[in-house]
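Structure record follows, encoded as structure tokens.
Just so it is clear, none of the values below were taken in a lab; they were calculated from the coordinates. Predicted model, so just to flag it, every value in this text is computed and none were measured. Virtual Cβ from ideal backbone geometry, glycine too; neighbours counted across all protein chains shown.
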Amino acid sequence: MNPELPEPAKAYGPAEVFDQNARRALVDPQLRSALRHLAVTFGQKRAQAISSVDDWEGLRERARAIKDQTLAQLDKYLEQFADNAARAGAQIHWAHDGHDVCRLIVQLLQERGATRVVKSKSMATEEIHLNAALEAAGIDTVETDLGEWIIQLARETPSHIVVPAIHKSKRQIAELFVAKLGIAPTDDVDKLTGAARRVLRQRFAEADAGISGVNFGVAETGSVLILENEGNIRLTTSLPKIHIALMGIEKVIPRLADLDVFLKLLPRSGTGQRLTAYQSVITGTRKSAADEGPEEVHIILMDNGRSRMLRNPVTRQSLACIRCGACLNACPVYQQIGGHAYGSVYPGPIGAVITPQLIGIGKASQLPYASSLCGACREVCPVKIDIPELLLHLRAQIAEGTALGQGQVEVPVKRKPLESFVFRLYAWAWSRPTLYEWGGRVLRLLQRPAVRDGRIGKIGGVMGKLMPPLGAWTAWRDARPLAPRSFRELWREGKVPPVSQPADSPRIATR
Amino acid sequence: MKVSLFVTCLVDQLWPSIGVSAATVLQRAGCEVVFDERQTCCGQPAFNTGYRDEARALARRFIEIFEGAEADAIVSPSGSCTAMVHHFRDLFGADEAWRHRAEAIAARTHEFGSFLVNVLGVDNLGASFRGRVAWHDACHGLRELNVHSEPRRLIRNVRGVELVELDNADSCCGFGGTFSVKYPEISVAILDNKIQAIEKAAVRAIVSSDASCLMQIGGRLTRNGSAVKPMHLAELLAAREAEAETF
């Protein structure tokens, strides 16, 4: 640990305290104002960008078919990728989990005497907290994507898959730069980015190694493709003598031609661009001393829980994700609370799905419920992942306790005895129409003292605590009381027209 | 056409006028309406909270009851419950026989507005209502059943009505079943965007196809002291408010 740096901001707890995190986020006016434009800006840009494609639906279907085909034979494509990458001069490493990756990267760097590292934006490295491991090993690491660098300076974690510092305002960034870089106070964006550029250029020039992620690994050529807008990835992967690329095993695609589909989908979905400013296709090391590029290329193929998702046909689709972030921008929950509340580097709908699978449901058991199941995520997903279906699958695992003892799940799934009892009672009673009807009658009597002007206002105090759902509902919303007569009673009594009276003269127009 | 009405438990117990209106409108559209009193709930609360055994038990019941109805169609004034019926097949996994029965029932089950326009070919029910109204696209009707233009068409044909589009009419109201009480603060934060849009539209009524969304929206409107009336599409289409006036 560098003693000059303050402890990371601890405003938000882990995924297990999602409810507390969310409440904190909701009362953070700065965060709410930063998020306000997210949906509109990204939503509109995305809509414009996809309108330039003739057959968006067809593209989505092709992309998903390619992913499904690859995932069905993942071992074959990974071996093909590894063989071809090795033939092009890359060194291939297989890693079981995040600890393996961190140990391997530290070892690779230390063996080569590399002490200064530049990094480009990579969710896989965030997932395994690589920066902390490098810092602990005394390796001086700097993030070179502007957003990532900002959160590194602030000692925070990303709050969005594509725009990691989306939660920060311009003013906060300016204050951060004044404090950390010693620049004169300014709110001029050009001056701020200029300051960043000066510092980062120096770091590029000094770097012993560059670490990047991978957007796509092409099996037939052994190439890795990385997309970006700032040019920092181009520098990270070409300037230092050593390039280390961390690639989740789900990132492989069969053919170079498949990129045609994904390059149309990813930038449009992620940032609303037709194409990113840079696309780097890296195939092995430089071929001669006169060539540009690193002398050593290491590609680390990381599992870290992915093969567990692969095993189940429902959860397998989680691995089709291309990390575009469109589901975050479209999600009404994310729009309100931002990314940090999820307590994971993968927030939003896709985070609520993959975080419990990566770290164990027991450690993230609230996340599958952090959704109104509105389906906006599924609608925008460029690879048609049925996120609501996955959320329901995870909820069923929790409710039924079937995730207990599976694979790497370390913390047992906490079952909910009261909730479970309530749902068993509901299914039992509501399978008996007489009981259901009498239940309604009893509730009508019980609610009587609480009904005012045809509605139930705030139920606080002891009553609210005795009936938590009613307390939670009425804290901010009036509740609708049970009607004096149920529909079935009205029907039975002949009060549903025109059972008891002749039909009104029909005045119907047909198409 | 013989229609078996699936009113849903919410409508039955909390908002029966939606069921009465739906029956009225369907009869005006020339349908014979039947109601099987054994019906209760489609099981969606259990399904969406992860309790699949409980959901399956209620799904089996639903299928058995409505198979016996011998109606040409099963119609429900809820996009969400209709979508649940369409999901029944997922509950039966490898059980071919039940899956087949679930699919047969789903094929006959329609959301109210979609049934009027797409099955009956009716888009004018002779209704009348004075004032501006806005339509809220309930998520499951919109994204699971693709109901979008049908209710708008039906509303535009109501005499005296001016239909205005809400900002983000297709964004969630924050209800989400148990989500609304598991995470009430988030649910209400989402809801308040909807409320803002409704206030901006300056309407007399906010109309939708699900009692659940309407209770969420309506509960906040009355809490805020707003006069905007939450209304189900069936209630609007049954209205003959301006009947006495000459058009």
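Computed FRET efficiency, Cβ-Cβ of A:L239 and A:H37, R0 25 Å: what is it to the nearest 0.05?
0.10
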Centre separation in Å (Cα based) which lies between the stretch A:263-281 and the stretch B:75-131: 39
Relative contact order (%) - criterion: Cα under 8 Å, at least six apart; region: chain A: 18
Degrees separating the helix B:184-201 axis from the principal Cα axis of chain B, which is the longest one: 40
Cα coordinate range in the stretch A:18-111, projected on the principal axes (Å, largest first): 51, 43, 24
Proximal charge balance of A:M302 [Cβ under 11 Å; K/R count +1, D/E count -1]: -3
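In deg cm²/dmol, rounded to 500, what helix-only [θ] at 222 nm does chain A give when every DSSP H run of at least 4 residues adds -39500 (n - 2.57) and the total is split over its residues?
Details: 23 runs with 240 residues, N = 511.
After summing the helix terms and dividing by the residues of chain A, the value is -14000 deg cm²/dmol.
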Partner lysines for A:K495 [C-alpha distance under 22 Å; skip if fewer than 8 residues away on the same chain]: B:K2
Projected label distance in nm at B:N146 and A:K76, using a 7 Å step from Cα toward the beta-carbon: 3.3
Candidate lysines - alpha carbon under 19 Å from A:K76, same-chain residues fewer than 8 apart omitted: A:K67, A:K251
Amide H contacts of A:A245 (H built 1.01 Å from N, under 5 Å, at least 5 apart or other chain): A:S212, A:H298, A:I299, A:I300
Cysteines in chain A lacking a second Cys C-beta under 4.7 Å: A:C102, A:C321, A:C324, A:C331, A:C381
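Can you give me the relative contact order of the stretch B:2-118 as a percent, contacts being Cα pairs under 8 Å and 6 or more apart?
Numbers: 158 pairs, mean separation 34.4, N = 117.
In percent, rounded to a whole number, it is 29.
Normalised radius of gyration for chain A, please: alpha carbon Rg relative to 2.2 N^0.38 Å, two decimal places. Before the final figure, lay out each step's value.
Details: Rg = 27.1 Å, N = 511, 2.2 N^0.38 = 23.5 Å.
Taking N as the residue count of chain A, the ratio is 1.15.
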Alpha carbon Rg of the stretch B:2-118, scaled by the compact-globule rule 2.2 N^0.38 Å: 1.01
Aspartates and glutamates whose Cα lies under 13 Å from that of A:K363, excluding same-chain neighbours fewer than 8 positions away: A:E16, A:E410
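Looking at the stretch B:130-204, I'd like the Rg to Rh ratio, where Rg is from alpha-carbon atoms and Rh is Kirkwood's inverse mean 1/r. Can you show the working numbers first?
Values: Rg = 13.6 Å, Rh = 13.3 Å.
Result: Rg/Rh = 1.02.
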Length gained when the stretch A:Q202-A:Q91 is fully extended (0.36 nm per residue, less Cα-Cα span): 37.1 nm
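Based on the Cβ-Cβ distance from A:A136 to A:E111, what FRET efficiency comes out when R0 is 22 Å, to the nearest 0.05? Please report the intermediate quantities before stating the final value.
Values: r = 17 Å, r/R0 = 0.78.
After rounding to 0.05, the efficiency reads 0.80.
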Which listed pairs, of A:K45/B:K194; A:K168/B:K194; A:K465/B:K182; A:K45/A:K264; A:K170/B:K194; A:K458/B:K194, have C-alpha distances above 18 Å, in listed order: A:K45/B:K194; A:K168/B:K194; A:K170/B:K194; A:K458/B:K194
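Quick one: order B:F35, A:F81 by neighbouring beta-carbon count within 10 Å, fewest to most. All intermediate terms of the calculation are to be shown ahead of the outcome.
On the way: B:F35 21, A:F81 28.
Fewest-to-most Cβ neighbours within 10 Å comes out as B:F35, A:F81.
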Selection of GluC sites (Glu not before Pro), the stretch A:196-232, meeting DSSP coil and at most 10 other Cβ within 10 Å: none
Spin-label pair B:R153/B:A107, simplified geometry with 7 Å Cα→Cβ offset, distance in nm: 2.4
Gap separating the Cα centres of the stretch A:85-127 and the stretch B:146-183, nearest whole Å: 51
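Sequence gap at least 6, Cα distance under 8 Å: using those rules, report the relative contact order of the stretch B:124-238 to the nearest whole percent. Don't skip to the answer; put the middle values down first.
Working: 191 pairs, mean separation 37.7, N = 115.
Relative contact order of the stretch B:124-238: 33 percent.
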DSSP-loop GluC sites (Glu not before Pro) across the stretch B:44-97, with at most 14 other Cβ within 10 angstrom: B:E70
Per-residue HN-Hα couplings for the stretch B:39-56 [Karplus 6.51, -1.76, 1.60; θ = phi - 60°; Hz; x = Gly/Pro]: 5, 10, 9, 7, x, 4, x, 5, 4, 6, 9, x, 8, 6, 4, 5, 4, 5
